[in-house]
Every structure is written in C-alpha cells, then in structure tokens.
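Reviewing the structure listed below.
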4 protein chains.
Amino acid sequence: MGHHDQATETKGTSRIEAFSDGVFAIAITLLVLDLIQMLHALPAQGGLEGLFHHWQPYFAFTVGFVTILVCWINHHVALEYMEKVDTGFLWVNGTLLFLVTITPFTTAILAEYLGEEPRAAMAIYAINYVLISISADAICSYAYARHLVREGSRDFYRHYKKIYRYAIFYNLLALLCCSFSILIPQVMFAVLFLVFSSPKSVARWIQHRSKTGRRMK
Amino acid sequence: MGHHDQATETKGTSRIEAFSDGVFAIAITLLVLDLIQMLHALPAQGGLEGLFHHWQPYFAFTVGFVTILVCWINHHVALEYMEKVDTGFLWVNGTLLFLVTITPFTTAILAEYLGEEPRAAMAIYAINYVLISISADAICSYAYARHLVREGSRDFYRHYKKIYRYAIFYNLLALLCCSFSILIPQVMFAVLFLVFSSPKSVARWIQHRSKTGRRMK
Amino acid sequence: MGHHDQATETKGTSRIEAFSDGVFAIAITLLVLDLIQMLHALPAQGGLEGLFHHWQPYFAFTVGFVTILVCWINHHVALEYMEKVDTGFLWVNGTLLFLVTITPFTTAILAEYLGEEPRAAMAIYAINYVLISISADAICSYAYARHLVREGSRDFYRHYKKIYRYAIFYNLLALLCCSFSILIPQVMFAVLFLVFSSPKSVARWIQHRSKTGRRMK
Amino acid sequence: MGHHDQATETKGTSRIEAFSDGVFAIAITLLVLDLIQMLHALPAQGGLEGLFHHWQPYFAFTVGFVTILVCWINHHVALEYMEKVDTGFLWVNGTLLFLVTITPFTTAILAEYLGEEPRAAMAIYAINYVLISISADAICSYAYARHLVREGSRDFYRHYKKIYRYAIFYNLLALLCCSFSILIPQVMFAVLFLVFSSPKSVARWIQHRSKTGRRMK
C-alpha cells in the first residue's frame with residue numbers, strides 16, 4: 001500500500017555532488033589534451049613558434065573552460081538550495097552530465113573547424129548549449145516540483161528557476177543566428193556567460209522586480 | 001586471542017565512496033576521448049560533414065555513458081544502506097571498479113566493430129555486463145552476509161540484493177542471444193537499463209509481492 | 001532594498017574544495033600521459049634503452065608534478081582559514097584552476113623544446129608561473145577584503161597574503177632572466193618551491209618579524 | 001617565540017584524502033587508455049580477433065590495476081588511524097602520489113616490452129615498487145614520529161608500520177631476482193599483494209606474536 005508512491009525516497013545531496021564535481025573537474029581538465037595533441041602534431045623541425053600560428057586551439061580551450069565553469073557554478077547554486085534527491089533526479093542530473101561530458105568534443109570541433117567552416121562549428125557548439133540550458137531548466141523544475149528544495153527557499157527558487165527557462169529561448173536565438181553570422185552568436189554567448197556568472201544576483205533582481213511590480217498594481 | 005576474527009574491523013563508507021565516485025566519474029568522462037580521437041582522425045580536407053558519416057561512435061558513447069551511469073546509481077543505492085565497510089569489501093568493490101574501468105574499452109570496441117563484426121562486438125560488451133552483474137551481486141551478498149548493512153534496513157536489503165542475482169541470468173541470456181542476433185540483446189539491455197534505472201522501486205515491488213504472497217497462503 | 005549588496009551571499013568551502021581537488025588531481029595525473037606517449041612514439045625495434053636517450057621528458061614530468069603539488073598545498077592553506085565563499089570567489093578561484101589546467105601543456109612544451117629552444121620553453125613556463133602567482137595573490141586578497149576569512153585568523157592572513165604579492169615580483173624577475181640564461185630561472189624556481197613548500201612557516205616568520213620590528217621602534 | 005616550532009600546525013585529514021583519492025582514482029582509470037590505444041593501432045582490415053593476439057596488454061592492465069588498488073587500500077588504512085596532518089606530511093604523501101602517478105607508465109612499459117625484454121621491463125616495474133614501499137614506510141614513520149596518529153592507536157601503529165619496513169627489503173630482493181628470472185619476481189609480487197591486501201590482519205598478527213613472545217620470556 002502506497003509503496004510505489006514512496007519509490008522516490010530521498011537521500012542527501014553530498015554523493016551526487018561528489019560524482020558531479022568529478023565529472024565537471026575531469027571534463028574541464030581534459031580540454032588541455034587538445035593543446036598537447038596540437039603540440040605533438042607540430043612538424044619536428046618547425047620550432048616553438050609553430051605553436052602560435054593558429055589562435056583557434058587557445059580560443060576553443062578558453063571557451064570550453066568558461067563554458068564548463070559556468071555550468072559548474074550554476075549547478076553549485078541549483079543544488080545549494082536542495083536538501084535531498086530522489087532516483088529521478090539522478091537521471092535528470094545525469095542528462096546534464098552527459099552534455100557536459102560532450103563539451104570537450106564540441107570544443108575540439110571549434111578548435112579544428114573555426115577557420116574553415118566557422119558557422120557550422122559554431123552551430124554545433126550552440127546546439128550543445130541549447131541542450132544544456134534545457135537540461136538545467138529540467139533540473140530546477142524537477143527539484144521544485146518534487147519538493148526537493150528546502151521549504152524556506154521555495155519562494156526564491158521559483159524565481160531562480162525562471163532564468164534557465166529564459167536561457168533556452170535565448171540560446172535558440174543564438175543558434176538561429178549561426179546561419180548568417182558567427183560574430184552575433186559569439187557576442188550573445190559572452191553576454192550569457194556574464195549573466196550566468198552570478199545566477200543568484202540575477203534571480204534576486206527578478207524576484208525584486210516581480211515584488212515591486214505587484215506592489216505597484 | 002580472537003585477534004584474527006577482528007581482522008575485518010570496520011570503517012565508515014565515506015572514503016570508499018569518494019574513491020569509487022572518482023573512478024566512475026573518470027571512466028564516464030574518458031568516453032569522450034574516443035569522439036575526439038575520431039575527429040582528429042578525419043582527413044584534413046574532408047570537412048565537418050565527415051563527422052556524421054558514421055553513427056557508431058555516437059551510439060557507443062551513449063551506450064557507454066548510460067551503462068556507467070546505471071552502475072553508479074546502483075552502487076549509490078547499494079552503499080546507501082551500509083553503515084561500515086571491512087577490508088574484504090574493499091576488494092569486492094575493487095572488482096566492480098575493475099570492470100567499470102574496462103567499460104570505456106568495450107565501448108570503444110563497439111564503436112569500431114559494430115559495423116563490421118556486430119555480433120562479436122556485442123558479445124564482448126555482453127560479457128563485460130555479465131561480469132558487472134556478478135560483481136554487483138557479490139557486493140550486495142557480501143554486505144548482507146557480513147552485517148555491513150544497517151540493522152533497520154536488513155529486511156529490505158534481503159529483497160533488494162535479489163535483483164542483482166536475477167540480473168546475472170538475464171545478462172547470460174542476452175549474451176547467448178548475441179550468437180544469432182544483435183537486435184535482441186540490444187532490446188534486452190535497454191529493458192535492463194530501464195528496470196535498473198530505479199532499483200529501489202523494483203526492490204520494493206519484490207518486497208511487496210513477497211509479503212502479499214505470504215499473507216495469501 | 002539592499003538585495004544587490006547581498007548578491008554575494010556565502011556558502012561553505014567544501015564543494016569548491018572538492019571541485020578544485022578534482023582539477024588539481026587530474027592535472028597532476030595527466031602529466032604521465034606525456035611519458036606514455038613518448039613510449040609509444042619509440043621505434044619498434046629500438047628496444048627499452050631508447051626510453052633513456054632523453055632526460056627532458058622525465059625532468060618536465062617532475063617539474064610539472066612539483067609545480068602542481070606546490071599550488072595544491074598553497075591552495076589548501078589559503079582555503080583553510082576561510083569559512084565561506086561567495087560567487088565572485090568562485091571566479092577568482094576558477095582563474096587559478098584555468099592556469100593549473102594549462103600547466104600540463106607548458107610542461108609538455110618544456111619536455112619537447114628544452115633541448116632545442118631552452119630559453120623560449122623556459123619563458124613560457126615562467127609566464128604561466130607569473131600568472132599563477134598573480135591569481136594566488138588575487139585569491140588571498142579577495143578572501144581578505146570580502147571578509148571570507150575567519151575573524152580569529154584575519155591578523156595572520158594579512159601577513160600570509162603578502163608572500164603571494166612578493167612572489168609575483170620574484171617570478172617576473174625569473175621570467176626576465178630567461179632572456180639570457182636558463183640556469184638562473186631554474187635555480188630561482190627551485191628556491192621558490194622550497195619557500196612555498198611550507199607557506200605557513202614563511203608567513204609566521206613575516207608576522208614575527210613585523211611584530212618584533214614594531215616593538216623595537 | 002616558539003613560532004617556528006608551531007610551523008607544522010595541524011589540520012584534519014579530509015582534504016588530503018580527497019586529493020589523494022582523486023590521484024589514485026585517475027591513475028587507476030588511465031590504465032584503460034593503453035587498451036584503447038592498442039585497439040586504434042590495430043590494422044583496419046584485421047578484424048576483432050587481432051585484439052587477442054597479444055596477452056601482454058591485458059596482463060599489464062590487470063597488474064597495474066591491482067598495484068594501484070593495493071596502494072590505495074594501504075593508504076586508506078595508514079590514514080585511518082591519523083587524526084591530523086602537518087605541512088611536512090603533505091610532502092611525504094606527495095612523494096607517494098608521485099610514484100602512483102608514474103605507475104601507468106611503468107605498466108605501459110610492461111605491456112610493450114614484456115615480450116621482447118622481459119627482465120628489463122620487470123626490473124623497471126620492481127624499481128617503482130621498491131620506491132613505493134620506501135615512501136609507504138616514510139608515511140607511516142613520519143606520522144608516528146610526529147604524533148599525527150591518534151593516541152589510542154599508537155601501540156597498534158607501531159607494529160603496523162613495521163610491515164612497510166619489511167616490504168622494502170622484500171621488494172629489493174624481488175628487484176635483484178629480475179637479473180636472472182622473471183617468474184620469481186612475479187610470484188614474489190603476487191605473494192606481496194596477497195599479504196598487503198589486508199594490512200590490518202598482518203599487523204595484528206605481528207602485534208599478537210610480539211606480545212606472546214614477550215609473555216613467554
């Protein structure tokens with residue numbers, strides 16, 4: 001009786017954080033392997049200056065690092081307000097980790113093809129980021145809907161999770177722009193990283209505006 | 001006197017969890033190296049579309065990721081009910097980690113040979129999975145027999161550990177099917193992942209059925 | 001009201017330590033991949049002695065290992081006195097991790113070019129280390145200025161953070177020396193590692209000297 | 001006054017455990033990259049059976065895995081009785097991690113040269129293991145001498161640390177045997193792993209024998 005409803009019994013967030021931290025830390029560190037690979041692929045007699053003939057690998061390394069760091073910071077904040085996880089959450093979280101794990105691959109594509117096929121390379125990166133924002137939205141919505149968030153933080157979390165919903169549409173727009181430009185999506189992603197570098201401030205600003213708005217009516 | 005019986009004195013589960021989480025996290029993230037390797041192996045003038053001539057690497061990446069994630073989730077649940085570990089358990093657990101560490105290799109075999117020798121590649125993957133289920137069964141049986149499980153959870157754990165016993169035979173069957181088909185074992189593993197995506201629900205269902213059955217008699 | 005001032009609300013240091021530990025641990029372990037790569041690049045018939053024709057890879061491996069270990073030990077000490085982090089600190093810390101992640105690359109450059117272009121290879125390593133010391137200084141100054149340090153340790157921390165300020169100028173000097181020598185910067189870095197192998201002792205010596213100095217006046 | 005004596009002020013063991021666990025976990029998982037590399041080096045038309053022409057890579061993988069797992073288990077036990085660490089211990093521990101990090105390299109040498117130059121390949125592995133046992137002895141002796149071990153466990157630890165002293169001489173003997181045989185050192189290492197698979201039992205047996213001995217006199 002009722003045994004199925006309890007199937008999602010909860011546990012603390014510490015071990016899922018440890019596993020996720022491991023995946024984030026490895027994905028972010030693996031990026032350097034592409035630079036090392038470039039080093040070994042240099043012609044033997046070329047000399048050290050051959051390292052600086054192409055700027056794309058360094059650009060891609062930096063983009064990949066910032067991308068994963070922003071994801072980690074937002075993951076950090078999203079789980080900070082949660083007090084427990086259920087088995088379903090392990091899967092929603094696993095989907096995000098899947099996309100984070102793929103990021104070194106889309107970054108390597110950027111490094112290799114930004115010179116020759118910039119729009120296509122940018123679009124692949126953008127698709128990855130659209131999926132990441134969908135899965136970030138799923139994490140927050142799931143945690144909110146299943147009451148995994150601490151009671152005292154529910155009101156804030158309701159506003160907080162909105163920013164990931166907005167991000168989906170923003171990233172879809174950036175993806176569309178890849179069809180005619182590579183500068184516009186780059187600027188858009190730079191702005192996005194700036195906004196999501198401090199997700200709490202943004203969420204507080206939304207919360208504040210919504211209260212002020214209600215008070216005004 | 002009696003010093004040998006105490007040789008298996010116990011310690012908390014936190015450090016074995018941290019080490020295991022590290023191994024799981026690295027094994028799951030290393031999978032992407034195969035995609036990156038495929039990227040670098042592309043002919044220079046081929047262009048970005050060469051990335052999509054073969055679907056096997058992506059299929060193998062996804063299979064490998066889900067395989068290791070399912071293992072991690074079940075490892076998570078199996079250790080959740082334990083309050084201590086002994087030295088013997090470190091070795092039983094080490095055997096599972098050995099097989100998890102091999103998984104990126106069997107997955108790379110899938111990616112490389114699924115096109116040309118699908119049944120053999122599938123069989124190698126299946127052998128790995130049979131061994132994983134044997135070692136998952138060993139973990140639970142060992143923890144139960146050595147009273148490493150919390151007293152209050154022993155009754156549930158007795159039912160819980162059954163699912164890994166069943167899984168051995170199920171996976172052996174899937175392995176046999178590799179001799180004449182590759183579709184059947186794929187469907188069987190998909191069903192398996194679905195069932196073990198939420199091992200607690202299944203264990204509760206077994207526990208419930210066994211109680212109902214006894215009551216009926 | 002005042003919601004923006006609180007935008008940097010604080011959290012404990014455990015998760016940022018776990019993530020940073022992961023990055024340090026992976027960066028330090030990835031160094032071995034360069035030795036393994038050298039092994040596979042040996043001509044098949046050359047035999048095992050071919051492994052010892054070049055000492056540079058082993059030198060670079062050791063330098064890279066000690067570099068990252070010294071960084072980790074200092075990171076460990078710097079965070080030991082902190083009781084909380086804010087979002088800004090995640091970014092200052094992220095900058096250090098970025099540079100730590102690059103270290104296996106600058107180390108690989110050392111291994112490859114120390115024979116042919118020693119000064120340039122050494123200079124690249126030195127630039128990396130100047131940036132690391134700037135970012136270590138930033139971590140300590142930020143933590144001190146934003147009151148993330150435990151109240152009881154503030155006095156000690158004020159002296160402690162000085163050593164990273166000094167290190168910037170010391171490393172800049174070492175970088176300059178790369179233009180005419182490779183021995184001098186090597187000796188300078190060896191001395192630096194010795195000093196920063198036990199940052200607390202140095203900080204205590206500075207604290208002691210400053211107190212004695214004041215008393216004397 | 002006395003500020004220098006306190007220079008080795010202590011901290012808990014949790015963060016050094018996390019960092020060490022990371023290094024162990026990564027070193028043990030990197031071993032699989034050698035198997036994957038072998039897979040990619042196979043001739044394209046050779047087929048899957050080419051994977052089984054050589055047994056050395058699998059042997060080396062297993063040896064490397066067991067080696068690092070035994071190190072981790074003994075590290076686990078050695079730190080279990082410690083309540084604090086000082087800065088010097090971070091360096092003694094760092095030396096062990098250095099040798100653990102090298103293990104995938106000596107293992108790769110085994111895989112590559114066990115067929116052609118078995119004694120030399122075995123000797124390199126044995127040198128690595130001699131150094132590991134010296135550094136394990138250093139860890140225990142340092143922890144005991146600097147009173148980092150919990151008071152209640154000091155008596156047991158005094159016996160416990162002896163086993164790593166014995167291991168140094170045992171491994172030196174195994175190294176010498178590499179000059180005329182490869183079977184003898186293999187058997188010796190197998191026995192060693194068996195003994196150190198449960199270091200507490202062995203330490204208890206030594207403690208028991210020493211007490212019985214004293215009583216008899």
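Which one is most open to solvent (accessible area, probe 1.4 Å) among residues in the range A:93-111 that are in contact (Cβ under 8 Å) with a residue 60 or more places away in the chain and among the small types (Gly, Ala, Ser)?
A:111
Out of D:114, D:90, I need the residue that is farther than 21 Å from residue D:145 by Cβ, open to solvent by less than 30 Å² (accessible area, probe 1.4 Å) and touching a residue at least 12 places away in the same chain (Cβ under 8 Å). Which one? Before the answer, list the steps.
Details: D:90 fails: farther than 21 Å from residue D:145 by Cβ.
Testing whether each residue is farther than 21 Å from residue D:145 by Cβ, open to solvent by less than 30 Å² (accessible area, probe 1.4 Å) and touching a residue at least 12 places away in the same chain (Cβ under 8 Å) leaves just D:114.
Give the residues of the range A:14-32 that are in contact with a Leu (Cβ under 9 Å, 6 or more places away or on another chain), within 7 Å of chain C (Cβ to nearest Cβ) and either crowded, with 23+ Cβ neighbours inside 10 Å or among the hydrophobic types (A, V, I, L, M, F, W, C) (or both), sorted by residue number.
Within the range A:14-32, A:24, A:25, A:26, A:28, A:29, A:32 meet the criteria.
Check residue C:181 against each of (1) of a type in the set (Ser, Thr, Tyr); (2) open to solvent by 30 Å² or more (accessible area, probe 1.4 Å); (3) over 20 Å from residue C:96 (Cα atoms) and name the one condition it does not meet.
Exception for residue C:181: condition (2).
Just to be sure, is residue B:172 within 14 Å of chain D (Cβ to nearest Cβ), at pLDDT 95 or above and open to solvent by 30 Å² or more (accessible area, probe 1.4 Å)?
So residue B:172 fails the test.
Any idea which residue in the range B:64-82 is nearest to residue D:74 (Cα to Cα), counting only those that are aromatic (Phe, Trp, Tyr) and within 8 Å of another protein chain (Cβ to nearest Cβ)?
Filtering the range B:64-82 for residues that are aromatic (Phe, Trp, Tyr) and within 8 Å of another protein chain (Cβ to nearest Cβ), the one nearest to residue D:74 (Cα to Cα) comes out as B:72.
Among (1) away from chain D (no Cβ under 14 Å); (2) open to solvent by less than 20 Å² (accessible area, probe 1.4 Å); (3) farther than 20 Å from residue B:137 by Cβ, which single condition is residue B:59 missing?
Looking at each condition in turn, residue B:59 falls short on (2).
All but one of (1) within 11 Å of chain C (Cβ to nearest Cβ); (2) in contact (Cβ under 8 Å) with a residue 24 or more places away in the chain; (3) more than 30 Å from residue D:204 (Cα to Cα) hold for residue D:85, so report the exception by its number.
So the condition that residue D:85 fails would be (3).
Is one or more of the residues making up the range D:186-199 free of Cβ contacts under 8 Å to residues at least 12 places away in the same chain, loosely packed, with under 14 Cβ neighbours inside 10 Å and under 27 Å from residue D:142 (Cα atoms)?
yes
Tell me which residues, restricted to the range A:88-141, are at the interface with chain B (Cβ under 9 Å from one of its Cβ atoms) and of a type in the set (D, E, K, R).
A:112, A:116, A:117
Return the residues of the range B:62-87 that are more than 16 Å from the chain's Cα centre (by Cα) and surrounded by 22 or more Cβ atoms within 10 Å (Cβ to Cβ); say none if nothing qualifies.
Of everything in the range B:62-87, those that are more than 16 Å from the chain's Cα centre (by Cα) and surrounded by 22 or more Cβ atoms within 10 Å (Cβ to Cβ) turn out to be B:82, B:85.
Of all residues in the range A:200-217, which are loosely packed, with under 14 Cβ neighbours inside 10 Å and assigned to a helix (DSSP H, G or I)?
Once the filter is applied, which keeps residues that are loosely packed, with under 14 Cβ neighbours inside 10 Å and assigned to a helix (DSSP H, G or I), the range A:200-217 yields A:209, A:210, A:211, A:212, A:213, A:214, A:215, A:216.
Select from the range C:33-87 the residues that are more than 19 Å from residue C:150 (Cα to Cα) and among the polar types (S, T, N, Q) and list them in ascending order.
Matches in the range C:33-87: C:37, C:45, C:56, C:62, C:67.
So residue C:50 passes all but one of these: (1) open to solvent by less than 10 Å² (accessible area, probe 1.4 Å); (2) of a type outside the set (D, E, K, R); (3) more than 21 Å from the chain's Cα centre (by Cα). Which condition number does it fail?
In the conditions (1) open to solvent by less than 10 Å² (accessible area, probe 1.4 Å); (2) of a type outside the set (D, E, K, R); (3) more than 21 Å from the chain's Cα centre (by Cα), residue C:50 misses (1) alone.
Kindly list, by first and then second residue, each pair from a residue in the range D:125-151 that is of a type in the set (Asp, Glu) to a residue that is not in a helix (DSSP H, G or I), limited to pairs with Cβ atoms under 8 Å and residues at least 6 apart or on different chains.
From the range D:125-151, the pairs are D:137/D:161.
Does any residue in the range D:46-66 that is on the phi > 0 side of the Ramachandran plot come within less than 7 Å, Cβ to Cβ, of a residue that is surrounded by 15 or more Cβ atoms within 10 Å (Cβ to Cβ) six or more places away or on a different chain, and which pairs are these?
D:47/B:117
The values are calculated or read from the model by the stated rules, or taken from the named source; none is laboratory data. This structure is a prediction, so every number in the text was calculated from the model and none was measured. Virtual Cβ from ideal backbone geometry, glycine too; neighbours counted across all protein chains shown. We work out accessible area using only protein heavy atoms, side chains counted, and drop any ligands, DNA or RNA first. Shrake-Rupley method; radii C 1.70, N 1.55, O 1.52, S 1.80 Å.
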